[in-house]
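Input: a single structure, listed below in structure tokens.
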Amino acid sequence: MTTTGVMKPDAGRYLDLDQCGFVQVMYIWIDGSGQYLRCKTKTMDFEPQVPSDCPIWNFDGSSTGQATGANSDVYLHPVALFRDPFRRGPNKLLLCETYHYDHKPTATNLRKTCKAVMELAKGEYPWFGIEQEYTLLDVDGHPLGWPKGGYPEPQGKYYCSVGTGRVYGREVVEAHYRACLYAGVKIAGTNAEVMPSQWEFQVGPCEGIQMGDHLWVARFLLHRVAEDFGIVVTLDPKPMTGDWNGAGAHTNFSTLAMREEGGLTYIYEAIERLSKVHDLHIKAYDPKEGKDNLRRLTGRHETADIHTFSHGVAHRGASVRIPRQCAEDGKGYLEDRRPAANADPYKVTEVVVRTVCEIQE
């Protein structure tokens with residue numbers, strides 16, 4: 001029953017209806033905020049197999065912060081195709097880039113330049129894995145499961161925990177995980193985080209542009225799943241002030257040379273290059289060019305201070321961490337712990353490759 005007393009129908013019985021040979025393709029794009037996603041659906045009379053099977057479409061950019069009302073049409077260019085875990089069957093999710101009337105990319109279309117950089121670096125086989133932290137909220141904006149007007153017990157018992165009073169929102173997490181697997185997103189795992197009602201999922205390994213594509217679709221699926229449960233998802237880097245952990249998008253990165261025997265030498269070379277352009281990366285690691293991360297990167301709560309670059313083996317308070325196993329193996333990858341949870345993965349991966357692979361364009 002709804003609050004008005006009207007019985008809500010079961011949508012499932014309608015989704016079981018025969019589609020009569022038609023396919024629903026949901027076009028997905030990043031809006032003018034650079035943080036949120038929009039979507040709308042097109043009917044097609046065949047099942048697309050690749051993004052180019054789908055036509056370029058458009059939307060009202062004046063309603064998404066991407067155009068004026070006097071010239072509102074913005075183009076949607078298909079770039080990545082996934083299975084639809086909500087409608088199932090032959091239906092698809094279609095990630096798109098956005099372009100203005102003059103066919104120039106919109107301000108929040110960061111994929112275009114990222115793809116160009118990945119093409120230049122493809123000989124180094126750049127691999128990424130991003131650990132996406134997020135927080136679940138009630139509809140009133142309060143963290144899910146927290147006492148109304150109060151706080152839960154201090155951090156310590158919640159990380160990777162199990163049991164009532166220790167975890168909140170597991171139903172969203174499990175549904176999202178399965179939705180990603182069905183869609184074809186390269187989700188690698190998930191866990192409860194340090195702050196109660198905060199979780200993490202990992203996407204990767206992905207090569208080049210695939211990292212941004214898969215993480216953005218994973219974010220879309222998370223918001224869409226949470227919608228079904230009446231729960232809000234926030235990627236705010238510091239959703240609660242005080243003695244609580246923030247939320248990041250820790251970025252694991254390697255080149256082929258770093259993954260092969262003797263790769264630790266190349267890992268340290270990469271860290272040296274990153275250290276020289278710390279401020280440049282900080283500006284790229286959240287949508288407000290460091291202002292969001294300023295609340296999170298304080299040198300406390302498993303973060304480095306935003307103003308100082310640091311690195312270390314197994315050091316979660318460093319800007320860049322070398323996992324203990326990689327140090328022992330003498331090869332592997334590095335973890336850049338600076339990106340905020342709401343960072344654009346296209347911008348993050350582009351600047352990492354530009355710096356480490358010394359791409360000049």
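The values are calculated or read from the model by the stated rules, or taken from the named source; none is laboratory data. Bear in mind that the values here come from a model prediction, so they are computed numbers and not experimental data. Counting neighbours? That spans all protein chains shown, and the Cβs are built from the backbone with ideal geometry, glycine included. Calculation scope for accessible area: heavy atoms of the full protein, side chains included, ligands and nucleic acids excluded. Shrake-Rupley method; radii C 1.70, N 1.55, O 1.52, S 1.80 Å.
Taking helices (runs of 4 or more DSSP H) as the structural unit, those lying wholly within segment 273-353 and holding at least 2 residues that are aliphatic (A, V, I, L, M) and either open to solvent by less than 30 Å² (accessible area, probe 1.4 Å) or on the phi > 0 side of the Ramachandran plot (or both) correspond to 278-284. The single condition among (1) of a type in the set (D, E, K, R); (2) within 18 Å of Y27 (Cβ to Cβ); (3) buried (at least 22 other Cβ atoms within 10 Å of the Cβ) that E131 does not meet is (2). Once segment 208-255 is narrowed to residues that are within 24 Å of H311 (Cβ to Cβ) and open to solvent by 20 Å² or more (accessible area, probe 1.4 Å), the residue that is farthest from the chain's Cα centre (by Cα) is K238.
Scanning segment 58-76 for residues that are open to solvent by less than 50 Å² (accessible area, probe 1.4 Å) and outside any helix (DSSP H, G or I) yields F59, T64, Q66, A67, S72, V74, L76. The set of residues in segment 164-207 that are buried (at least 16 other Cβ atoms within 10 Å of the Cβ) and polar (S, T, N, Q) comprises T190, S197, Q198, Q202. Taking the criterion of being within 29 Å of D243 (Cβ to Cβ) and basic (K, R), the residues of segment 257-303 that qualify are K283, K288, K291, R295, R296, R300. Criterion applied to L76, L81 was being touching a Lys or Arg at 6+ places or on another chain (Cβ under 7 Å) and aliphatic (A, V, I, L, M), and the one residue passing it is L81. Looking across segment 77-104 at every residue that is surrounded by fewer than 16 Cβ atoms within 10 Å (Cβ to Cβ) and in contact with a Phe, Trp or Tyr (Cβ under 9 Å, 6 or more places away or on another chain), the one that is farthest from Y346 (Cα to Cα) is identified as R88.
Within segment 43-56, none of the residues are in a strand (DSSP E or B), outside the structural domain of Y182 (by the TED database) and under 26 Å from the mean Cα position of the chain (by Cα). The residues in segment 107-157 that are of a type in the set (K, R) and free of Cβ contacts under 8 Å to residues at least 12 places away in the same chain can be counted, and the count is 2.
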